[in-house]
1. Would you kindly identify the strands (runs of 3 or more DSSP E) lying entirely within the range 30-132 that contain at least 2 residues that are within 24 Å of I281 (Cβ to Cβ)?
2. Determine whether E226 is among the acidic types (D, E), out of contact with any Cys (no Cβ under 8 Å at 6 or more places or on another chain), within 26 Å of V198 (Cα to Cα) and part of a helix (DSSP H, G or I).
3. A277 is checked against (1) farther than 29 Å from A144 by Cα; (2) among the hydrophobic types (A, V, I, L, M, F, W, C); (3) under 17 Å from the mean Cα position of the chain (by Cα) and fails just one. What number does that condition carry?
4. Here are the criteria: (1) in contact with a strand residue (DSSP E or B) (Cβ under 7 Å, 6 or more places away or on another chain); (2) assigned to a loop (DSSP other than H, G, I, E, B). Tell me which single one V217 does not satisfy.
5. How many of the residues in the range 158-191 are of a type in the set (V, I, T) and in a loop (DSSP other than H, G, I, E, B)?
6. Kindly evaluate D191 against the criterion of being touching an Asp or Glu at 6+ places or on another chain (Cβ under 9 Å), surrounded by 12 or more Cβ atoms within 10 Å (Cβ to Cβ), farther than 30 Å from L41 by Cα and among the acidic types (D, E).
7. Can you work out which of the residues in the range 53-80 that are of a type in the set (D, E) and out of contact with any Lys or Arg (no Cβ under 7 Å at 6 or more places or on another chain) is surrounded by the fewest Cβ atoms within 10 Å (Cβ to Cβ)?
8. Any residue in the range 236-263 that's over 19 Å from Y86 (Cα atoms): show its pairings with residues that are not aliphatic (A, V, I, L, M) at Cβ separation under 7 Å, as long as the two are six or more apart or on different chains.
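Nothing in this text is a laboratory measurement; each read-out follows from the coordinates by a stated rule. No experiment lies behind these values; they were computed from the predicted model shown. As a convention, Cβ positions derive from the backbone with ideal geometry for all residues, glycine included, and neighbour counts pool all protein chains shown.
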Amino acid sequence: MRKRIIISVAAVVVIAVVLVLVLRTPVPTIRVGSKGFTEQLIVGEMMAQLLEERFEGVRVELVDGLGTAALRDGIEAGQLDVIAEYTGTAWMVHFGQEYEPGVDNNELYQLVRERDAANNITWLDPLWNNNTYAFASWPEFVGAHNLSTLSDLAELYRQNDEEIHMSITLEWEVRPDGLPAFQEHYDFEVDPDYVLAVEAGLTLVALAEKQVDVGMVFATDSNMAEYGLHVYADDQAFFPPYDMTPSVRDEVLEEHPDIANVLDELVSTFPGGGQSATPEIVAECQIVWQELNHKVDFEGMLPEEVAQEYLIEHGLIEE
């Protein structure tokens, strides 16, 4: 009996030692960061859930609700490993560069990718959703005038055959890279009597209530899907592109090189994923993100639910 007790005690001691060693062995962790607004919360969940599914034995942590500066500081300091940042934000905010109209989505992506390589941060394939300033109209107005792009709209203004009412923000009406530069770039003029300049957020209200024919919006806003509005393609690249792109620290890629393939696979499920951007691809991708954002903003789904639903529908994770 005593011998059996001694063996049992010894076994307990061995188990205890093993547990201590296991607990002291650090578990590989991938930290995913995202900002605090709808599409960022969704993409953060998409990346975190997908990485968690694909990397066994690795803990994936999601840090969401961050501001732009905190997100950038986090990946630079090594506190975050994977984020999805916007090309325009990186170029003008993080790198302090001045944007020049005429630089398209592909060019800006390459500029940002090359610039951040020096910071040991790799930009993977971009989501061509371009969440930038844009103009939108009701489908009836677009159909009546056979419009699609901002060049089409500019031509309608040049014809000057009717009153066309436009809503913009007060700030954008007067700043140098606002309405004056926009008119010069697209070679047309807006009659000041038909410009409604309002506080930010009210341009869409004016459009929704049909006080104007054309309204300034953000391209992937869920309201576009809610109202069924047409967003004009910025075919002459006036507005800075803001294409959301997964970015990874090089040190993490060296340790887990498959992260690049996994996240590029996610991007490939969106219009134009892995291809060069075209106005058509950008417009299609914007619609997808309008609809995803709509599920949260108007349908009451949680970002993690929207992300999981999307990943399952596209065969990226199992139900």
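1. Working: elements: 59-66, 82-86, 121-123.
Passing ranges, in order: 82-86, 121-123.
2. Working: among the acidic types (D, E): yes; out of contact with any Cys (no Cβ under 8 Å at 6 or more places or on another chain): yes; within 26 Å of V198 (Cα to Cα): yes; part of a helix (DSSP H, G or I): yes.
So E226 fits the description; yes.
3. Here A277 clears every test but (1).
4. (2)
5. Our first condition is that a residue be of a type in the set (V, I, T); within the range 158-191, this holds for 164, 168-169, 174, 190.
If we keep only those that are in a loop (DSSP other than H, G, I, E, B) too, we end up with 164, 190.
Count: 2.
6. Working: touching an Asp or Glu at 6+ places or on another chain (Cβ under 9 Å): yes; surrounded by 12 or more Cβ atoms within 10 Å (Cβ to Cβ): yes; farther than 30 Å from L41 by Cα: yes; among the acidic types (D, E): yes.
Yes; evaluated as a whole, the condition is true for this residue.
7. Of all residues in the range 53-80, those of a type in the set (D, E) come to 53, 56, 61, 64, 73, 76.
This time we only want the ones that are out of contact with any Lys or Arg (no Cβ under 7 Å at 6 or more places or on another chain), so: 53, 56, 64, 73, 76.
Numbers: E53: 14, E56: 6, D64: 17, D73: 14, E76: 15.
Residue satisfying both the conditions and the ranking: E56.
8. Between residues of the range 236-263 that are over 19 Å from Y86 (Cα atoms) and residues that are not aliphatic (A, V, I, L, M), the close pairs are Q236/S151; Q236/H185; Q236/Y186; E251/N120; V252/D81; L253/T122; H256/F55; V262/R54.
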